[in-house]
Amino acid sequence: QKGRMRFPVRGTVTGRFGAAREGSGTWRGLFIKASVGSDIKAVAHGRVVFAEWMRGFGNLLIIDHGDSYLSIYGYNDSLLKQVGQAVKGGETIATAGNSGGNQDSGLYFELRHQGQPIDPMKWASLK
């Protein structure tokens, strides 16, 4: 899938993997600025392993894609899938928002392999 995934939402990337975050630390994923209610789509097929509110991430959804790969979708306005549900790549799984306490609405998106964050820009295409 490397380089062939589509981003989960159309918008402007304002926080990039590895860049310094306001306050402290570095981005472990991307923040994609998008309008409240924009469709968030799964980047690949998998199974939902987490779908609820989490401090710092707001309404959070995590998909297990197998082979120790996870995709993480935070700050959602609403979650449209539940734990245990299978999803297809491109399927709408949530709607964008700012439930994580961020000033801007959008999506916090992270990819992990074997528990470690990896740069989504190397995996997904803005097209």
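Observations, loosely collected:
- Filter pass, L30 being farther than 14 Å from W123 by Cβ, within 15 Å of the chain's Cα centre (by Cα) and of a type outside the set (S, T, N, Q): no
To keep it simple, each residue is scored yes or no on (1) part of a loop (DSSP other than H, G, I, E, B); (2) in contact with a Gly (Cβ under 6 Å, 6 or more places away or on another chain); (3) in contact (Cβ under 8 Å) with a residue 60 or more places away in the chain; (4) within 14 Å of K41 (Cα to Cα).
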| site | (1), (2), (3), (4) |
| --- | --- |
| L61 | no, no, no, yes |
| G74 | no, yes, no, yes |
| Y108 | no, yes, yes, yes |
| R112 | no, no, no, no |
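- Residue in the stretch 39-62 that is open to solvent by 70 Å² or more (accessible area, probe 1.4 Å) and among the polar types (S, T, N, Q) present: no
- Residue within the stretch 14-22 that is at pLDDT 90 or above and either open to solvent by less than 80 Å² (accessible area, probe 1.4 Å) or in contact with a Pro (Cβ under 8 Å, 6 or more places away or on another chain) (or both) present: no
- Scoring R47 on the criteria (1) over 20 Å from S105 (Cα atoms); (2) touching a Ser or Thr at 6+ places or on another chain (Cβ under 9 Å); (3) of a type in the set (K, R) leaves a single failure, condition (2).
- Residues of the stretch 63-94 that turn out to be polar (S, T, N, Q), closer than 16 Å to E52 by Cβ and open to solvent by less than 20 Å² (accessible area, probe 1.4 Å), as a count: 1
The values are calculated or read from the model by the stated rules, or taken from the named source; none is laboratory data. As the structure is a computational prediction, the values presented were derived from the model and not from experiment. In this analysis, Cβ positions are derived from the backbone assuming ideal geometry, glycine residues included, and neighbour counts consider all displayed protein chains. These accessible areas exclude ligands, DNA and RNA; they are computed on the full protein's heavy atoms, side chains included. Shrake-Rupley method; radii C 1.70, N 1.55, O 1.52, S 1.80 Å.
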